Amino acid sequence: MKNFFPVYKKELQSYFYSPIAYVIIVVFLLLAGYLFYSITNFYYLMSQFYETSKYQATMQNLDLNVRERVFRPLLGNFSIAILVLMPLLTMRLFSEEKKTKTIELLFTYPLKDEDIILGKFMASFTIYMAMLIPTLLYPVLLSFFTKMEWGSLMVGYLGLVLSGAAFLAIGIFFSAITENQIVSAVLCFGVLLLFLLFRWAKEVVSWWIGEILTYLSFMSHSESFTKGLLNAQDVVFYLTFMFFFLFLTYSLLSSKKWRG
Amino acid sequence: MKYKDSSVIAIIGVVLLFLGSFLYILLPQNKIYSIIILLFGLAAIVFYTYSHWKEINILFTYHAAARGVNFFLTVLIVLGILTFINAISARHPMQIDFTKSKKFSLSDQTQKILKNLNKEVNLTCFFKTVQPNRKEVEDLLKQYALYSYRFKYKFVDPDRKPEIAQKYKIQNYGTIVIESEGNEQRMSVIDEENLTNALLKILRNLKKSIYFVKGHGEKEITDTDKKGYVGIKEAIEQENYTVKDMNLMSEKQIPEDCAVLIIPGPDKDYFDRELKMLDQYIDNNGKIMVLIDPEVKTPELRNFLKKYGVKLSEDIVIDMVSGLFGNNPFVPVASEYPVHEITKNFKVATFYPLARSVEPADTIPPEVSINIMVQTIPKTWAETDLESLKIMPPIFQRGRDKEGPVPVAVSVNINQEVDKSINKKELKSKLIVFGDSDFISNASLNFAGNKDIFLNTIYWLVEEGELISIRPKEKEIQLMFITERLWKLFFWLPVVFLPLVVLSAGTFVIYNRRRKK
């Protein structure tokens with residue numbers, strides 16, 4: 001499995017020499033930046049109001065702090081934006097190669113299937129990190145003007161990293177299914193949205209099917225991270241998804257049909 | 001042929017793994033069944049893997065040998081194992097709280113209670129969909145549910161589902177109804193302490209009963225008139241106690257399930273036999289509350305109380321200052337309470353329509369310790385010239401009348417000697433005496449602190465020691481301090497500068513690349 005590096009390097013170069021990665025990162029940073037600005041604006045106004053307000057006692061109950069008022073909603077919104085953008089990042093990973101038949105060339109190398117998959121996954125993950133890490137500017141900026149809770153913030157970002165990794169794995173699988181990039185992106189997008197909506201399955205579908213579907217929803221497992229809680233169950237959930245879809249991709253790659 | 005047959009084993013194994021995992025989550029009370037199924041599933045898969053190791057090996061090294069059905073199978077197996085792992089982690093919660101005030105962690109006491117929960121508890125929370133504290137309550141309930149699958153909750157918007165709100169007779173937004181095995185508790189102030197205590201109350205195994213004595217002209221719990229006790233009966237029932245009445249003459253002894261016996265304002269005296277029953281009840285760790293009005297002729301009962309160190313004087317407490325009930329001088333008010341367990345944090349005033357003084361006797365028996373619980377405001381007095389009250393308004397006569405504050409309620413701890421040599425005593429029973437029975441009648445119950453002081457007294461008698469106090473989490477307030485000028489940074493840096501940097505970097509790299517070509 002250590003041989004993934006050449007694939008990783010090649011894929012990374014491919015990302016950086018084409019506009020797609022930059023466009024996705026810039027779009028995300030624009031969205032994220034604006035979200036940060038407007039959410040912090042509200043928090044700023046609340047702070048001012050609190051100082052001069054007679055309602056200090058009742059406002060005490062609102063937990064006016066950075067974690068609850070800024071980063072919990074902000075990171076929650078991030079995960080939606082990430083959910084939308086990840087399929088765009090992964091759609092070309094296998095589809096393009098299949099279409100241009102370069103995949104044949106890839107198979108002739110002394111590389112195992114798992115190396116190929118891992119390499120591509122790590123490349124997209126690196127782009128994801130390149131997208132996420134600049135947003136750390138926001139808490140750093142905020143830290144000059146208020147007290148920050150770095151521990152819970154890091155847990156929140158960990159949640160994003162894990163969920164993003166899961167989305168990437170799902171995206172890679174759908175990329176491997178078809179040689180049409182658009183189809184891959186749309187399918188991936190559809191599935192991700194569907195799982196998002198499962199959150200409310202409990203209310204709509206009765207008995208245990210509803211319960212299971214709600215458990216499978218991404219929203220059910222992302223909340224704890226944004227609250228500053230490191231919950232083993234939620235970590236396991238995302239790792240499971242990530243591993244399962246990578247494995248699925250691996251099985252797909254190995255099957256004769258795919259190679260035929 | 002042979003191959004296909006044995007692949008059935010693998011399929012069965014996977015199905016069993018799935019089944020076992022789901023059962024593990026959904027029917028945790030029968031853990032043993034799901035574990036057995038899981039083990040069978042695991043065994044089937046292991047057997048299959050072992051007997052077809054060669055083929056599986058080929059699958060992993062020579063891709064061309066893979067068959068379609070194997071792809072499906074291995075995927076299913078992996079899915080089964082992953083589901084199994086998730087099931088385990090769902091049932092064994094592990095969590096680290098990184099918040100500074102540990103806001104989302106539950107106290108050890110709560111965790112212990114939840115882990116040992118052996119009954120189903122269902123919470124129905126009547127909140128508007130956009131109510132300010134709904135999220136906070138949901139966060140709290142989620143934490144509770146983490147530690148026990150038997151703790152279930154659901155939110156109902158009373159505006160959207162009025163029929164359900166009707167069924168539960170909900171009057172305010174933000175009410176939670178807790179149900180467990182037919183018992184019910186309601187809450188409106190929702191924090192960890194209240195919720196855990198409500199849980200404790202609702203889980204009480206033996207439903208304790210409060211008995212009201214009848215047969216001597218006492219107040220009746222079925223009486224809906226002004227002087228009746230229907231109101232207080234319902235108030236006690238809301239605290240998850242059963243309320244019954246009993247006639248002492250028709251019983252041999254006080255019933256087993258009697259947690260507190262209340263003597264609610266008799267106007268005829270008690271028989272010797274009945275008083276002996278009370279003595280016996282006290283010896284058996286029973287708790288009694290006596291509400292005795294002025295001017296009743298009950299010498300036997302009075303002597304009974306004297307035996308336990310309580311002195312009842314033939315007087316009426318006069319309050320010319322408070323002016324309750326249309327300047328009625330016979331309704332004294334109490335607003336500040338002596339240091340006492342029951343009235344520790346009690347800040348509300350209480351009033352007693354037609355009361356007599358109740359105080360420690362001049363000689364107190366050795367096994368008794370007595371404390372004054374309620375006394376009227378200083379500008380009152382206990383009028384001893386009852387005859388004069390019939391013809392003229394009350395006048396304070398120094399020397400004859402007792403100057404205020406006048407004690408109108410006492411609590412008595414009755415001990416028994418456990419070890420004579422070291423003078424060790426143990427609490428045997430508790431007794432409360434109020435010099436009035438009308439303060440909790442239907443007409444007066446819902447005013448001032450009357451109901452609350454009565455219920456607090458009940459708790460003290462029943463020894464609700466199981467109820468716990470949990471220190472609330474500190475509220476975290478972190479404000480943002482910034483000048484108007486510097487605030488602009490918050491727009492320019494994240495929204496403009498950062499994306500621009502990436503954009504330029506990208507343009508630069510791609511342009512360079514194109515140029516090289």
Accessible area, probe 1.4 Å, largest first, for residues B:Asp315, B:Asp257, B:Asp272: B:Asp272, B:Asp257, B:Asp315
Shielding by other protein chains, B:142-150, mean Cβ within 10 Å: 1
Listed residues B:Ile176, B:Ala505, B:Asn86: farthest to the positive end of the dipole of the protein assembly as shown (Cβ charges): B:Ala505
Low-density loop cleavage sites - GluC sites (Glu not before Pro) in the range B:174-213, where at most 14 other Cβ are within 10 Å (DSSP): B:Glu181
Net charge, B:Thr298 excluded, C-beta distance under 9 Å - Lys, Arg +1, Asp, Glu -1: 0
Ranked packing of B:237-243, B:141-147, most packed first, by mean Cβ within 10 Å: B:141-147, B:237-243
Cα shape, the protein assembly as shown, gyration tensor, a/c 1.5 rule: prolate
Of B:Thr350, B:Val46, B:Val406, farthest towards positive along the dipole that unit charges on Lys, Arg, Asp, Glu beta carbons give chain B: B:Val46
Accessible surface of chain A [probe 1.4 Å, protein heavy atoms]: carbon and sulfur percent: 71
Sequence of B:Leu291, A:Leu252 from largest to smallest accessible area, 1.4 Å probe: A:Leu252, B:Leu291
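Could you pull out the pairs from B:Lys233/B:Lys276; B:Lys287/B:Lys451; B:Lys112/B:Lys208; B:Lys344/B:Lys420; B:Lys100/B:Lys344 whose alpha carbons sit more than 28 Å apart here? The partial results should precede the final answer.
On the way: B:Lys233/B:Lys276 26 Å; B:Lys287/B:Lys451 19 Å; B:Lys112/B:Lys208 24 Å; B:Lys344/B:Lys420 33 Å; B:Lys100/B:Lys344 32 Å.
Check vs 28 Å cut-off fails for B:Lys344/B:Lys420; B:Lys100/B:Lys344.
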Lysines whose Cα lies under 22 Å from that of A:Lys101, excluding same-chain neighbours fewer than 8 positions away: A:Lys9, A:Lys10, A:Lys112, A:Lys120, A:Lys256, A:Lys257
Charge dipole (the range B:362-457, unit charges on Cβ, about Cα centre) - positive-most of B:Phe434, B:Thr376, B:Asn415: B:Asn415
Solvent-accessible heavy-atom area per residue, rounded to whole Å², over chain B at 1.4 Å: 53
Other protein chain Cβ atoms within 10 Å, averaged over every residue that makes up A:239-246: 3
Calculated over chain B: convex hull of Cα atoms, volume per residue (Å³): 325
Ranking by accessible area, most exposed first, for B:Leu431, A:Leu230 with a 1.4 Å probe: A:Leu230, B:Leu431
Residues B:Glu251 and B:Lys297, FRET efficiency given R0 of 35 Å [Cβ-Cβ distance, rounded to 0.05]: 0.90
Calculated FRET efficiency for the pair A:Leu111/B:Tyr50, C-beta based, R₀ 35 Å, to 0.05: 0.70
Per-residue HN-Hα couplings for the range B:420-437 [Karplus 6.51, -1.76, 1.60; θ = phi - 60°; Hz; x = Gly/Pro]: 4, 5, 9, 6, 8, 10, 10, 6, 9, 7, 10, 9, 10, 10, 10, x, 6, 10
Sorted peptide list for B:294-307, A:144-157, criterion being average Cβ within 10 angstrom, highest first: A:144-157, B:294-307
Within straight-line cross-link reach of B:Lys154, aspartates and glutamates at Cα separation under 15 Å, skipping those fewer than 8 residues along the same chain: A:Glu203, A:Glu211, B:Glu120, B:Glu136, B:Glu138, B:Asp139, B:Glu179
Averaged over A:214-227, number of beta-carbon atoms from partner chains that fall within 10 Å: 2
Complex-versus-alone comparison for the range A:137-153, residues with a loss of 40 Å² or more in accessible area, probe 1.4 Å: A:Leu137, A:Leu141, A:Phe145, A:Lys147, A:Glu149
Summed buried accessible area for A+B [probe radius 1.4 Å, Å², rounded to 100]: 6100
Of all DSSP beta bridges in chain B, antiparallel share, percent nearest 5: 60
Chain B, accessible surface, carbon-and-sulfur percent (1.4 angstrom probe): 57
q = 0.10 Å⁻¹, chain A: log10 I(q)/I(0) [Debye, one scatterer per Cα]: -0.57
Order by protection proxy (mean Cβ within 10 Å, highest first), peptides B:395-403, B:258-266, A:38-46, B:282-290: B:258-266, B:282-290, A:38-46, B:395-403
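The values are calculated or read from the model by the stated rules, or taken from the named source; none is laboratory data. A quick note: this is a predicted structure, and the numbers were derived from the prediction, not measured. When we count neighbours, we look across all protein chains shown, and the Cβ atoms used for this are built from the backbone with ideal geometry, even at glycine. Ligands, DNA and RNA are stripped out before the accessible areas are found, and what is left, the full protein with its side chains, is counted by its heavy atoms. Shrake-Rupley method; radii C 1.70, N 1.55, O 1.52, S 1.80 Å.
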